[in-house]
Amino acid sequence: MNTDYTVAVLGLGAMGLPMATRLASQLTVHGFDIAEPRLKLAEEAGIRTFDSAQAAARGVDALLLAVRNGEQLNEVLFGANGVAPVLAKGSVVILTSTVGTEAIPSTVARLAEFGVELVDAPLSGGPVRAGEGDLLIVVGATPDAQRQAAPVLELLASTLSIVGDNPGDGQALKTVNQLLCGVHIAAAAEALALADALGLDQAKTLTALEAGAAGSFMLSNRGPRILEAYSEEGAEVLSRLDIFVKDMGIVGKAARAAGLAAPVAAAAEQLFLLGQAQGLAAEDDSAVIKVVAPTQRHAA
């Protein structure tokens, strides 16, 4: 146990709570969430909770953030109740979200005014893997900031990839990662919709595909949830569809800025956008199959 090292986790949702719980096994963890039930769950996991983000973040060694986008990042750090002014000099902000590279330079500059560095560390993996310390984390940060963040990153990641010494490098690699993830989810949904249209048993088809050259992590991870998409309650929401609306938008913007054609990514983005327009935003991203095939032709 390294109880001399304190990390604050702001947001104790589907990913924040298991990450905080994992960290609390070795470190002192402060937690904050606007939802009272999440605070109670955190307390049961040995996390010291606070009634405000500023109170949780005051004087910590590291601040772990999982925000939705660049605007929310700016609000949490520098808004009316932002936490940047209460952070200790020499501490780090560990950004685990995919927000794109554009938001990074101004964040780095403004944090520097408080003597704080940004560790750009977007991650991949769901809540279960977060709780087990089995995440992929790609990092862009100065060597000093990497050392300061090491107790947190090493507990959360089974694969820790330092991709560069500059904040923004992590976002760049995560953008490439999300291109593949979004395309793979859309392709898996199309494949299983086609299997149904051809009169095949979707579950048996999924098993066969996983065993061959067409198999992929996303097919195996999302496939079972894709098959649950048509049920009355739908698949358990482990990754909302509108997250990929955001992420594929980041991919498209980055590709255009680089002067690169990305037609496959653009097609996948349109499927997620259609899903959002059809009211599926808050459903699991596996529900994208209902954009391709609104109903099952052959019920399981």
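The values are calculated or read from the model by the stated rules, or taken from the named source; none is laboratory data. In this text the structure is predicted, and so the values were computed from the model without any measurement. In this analysis, Cβ positions are derived from the backbone assuming ideal geometry, glycine residues included, and neighbour counts consider all displayed protein chains. Keep in mind that these areas ignore ligands, DNA and RNA; they rest on the heavy atoms of the full protein, side chains included. Shrake-Rupley method; radii C 1.70, N 1.55, O 1.52, S 1.80 Å.
Quick notes
- Residue selected from the range 54-72 under the condition under 17 Å from the mean Cα position of the chain (by Cα) and modelled with pLDDT of 95 or more, by the criterion surrounded by the fewest Cβ atoms within 10 Å (Cβ to Cβ): L65
- A193 being in contact with a helix residue (DSSP H, G or I) (Cβ under 7 Å, 6 or more places away or on another chain), within 26 Å of R240 (Cβ to Cβ) and not in a loop (DSSP other than H, G, I, E, B): yes
- Matching residues in the range 215-230 - criterion: being at pLDDT 95 or above and open to solvent by 70 Å² or more (accessible area, probe 1.4 Å): E228
- Odd one out for N2, checked against (1) over 25 Å from F114 (Cα atoms); (2) of a type outside the set (V, I, T); (3) open to solvent by less than 20 Å² (accessible area, probe 1.4 Å); (4) touching a Leu at 6+ places or on another chain (Cβ under 6 Å): (3)
- Among the residues of the range 104-131, those identified as crowded, with 16+ Cβ neighbours inside 10 Å and either within 12 Å of the chain's Cα centre (by Cα) or closer than 20 Å to G182 by Cβ (or both) are A121, P122, L123, S124, G125, P127, R129, A130.
- Residue in the range 77-92 that is of a type in the set (A, V, I, L, M), buried (at least 23 other Cβ atoms within 10 Å of the Cβ) and within 11 Å of G168 (Cβ to Cβ) present: no
- Members of the range 40-53 found to be touching a Leu at 6+ places or on another chain (Cβ under 7 Å), of a type in the set (A, V, I, L, M, F, W, C) and either open to solvent by less than 70 Å² (accessible area, probe 1.4 Å) or within 19 Å of M1 (Cα to Cα) (or both), listed by number: A42, A53
- Residue check: D33 meets all listed conditions (1) in contact (Cβ under 8 Å) with a residue 12 or more places away in the chain; (2) open to solvent by 30 Å² or more (accessible area, probe 1.4 Å); (3) charged (D, E, K, R) but one, namely (2).
- Of everything in the range 246-261 that is surrounded by fewer than 20 Cβ atoms within 10 Å (Cβ to Cβ) and closer than 22 Å to S124 by Cα, the residue that is farthest from the chain's Cα centre (by Cα) is A255.
- Hey, L160 of a type outside the set (S, T, N, Q) and under 27 Å from A267 (Cα atoms) or not: no
- L238 at pLDDT below 95 and in contact with a Lys or Arg (Cβ under 9 Å, 6 or more places away or on another chain): yes
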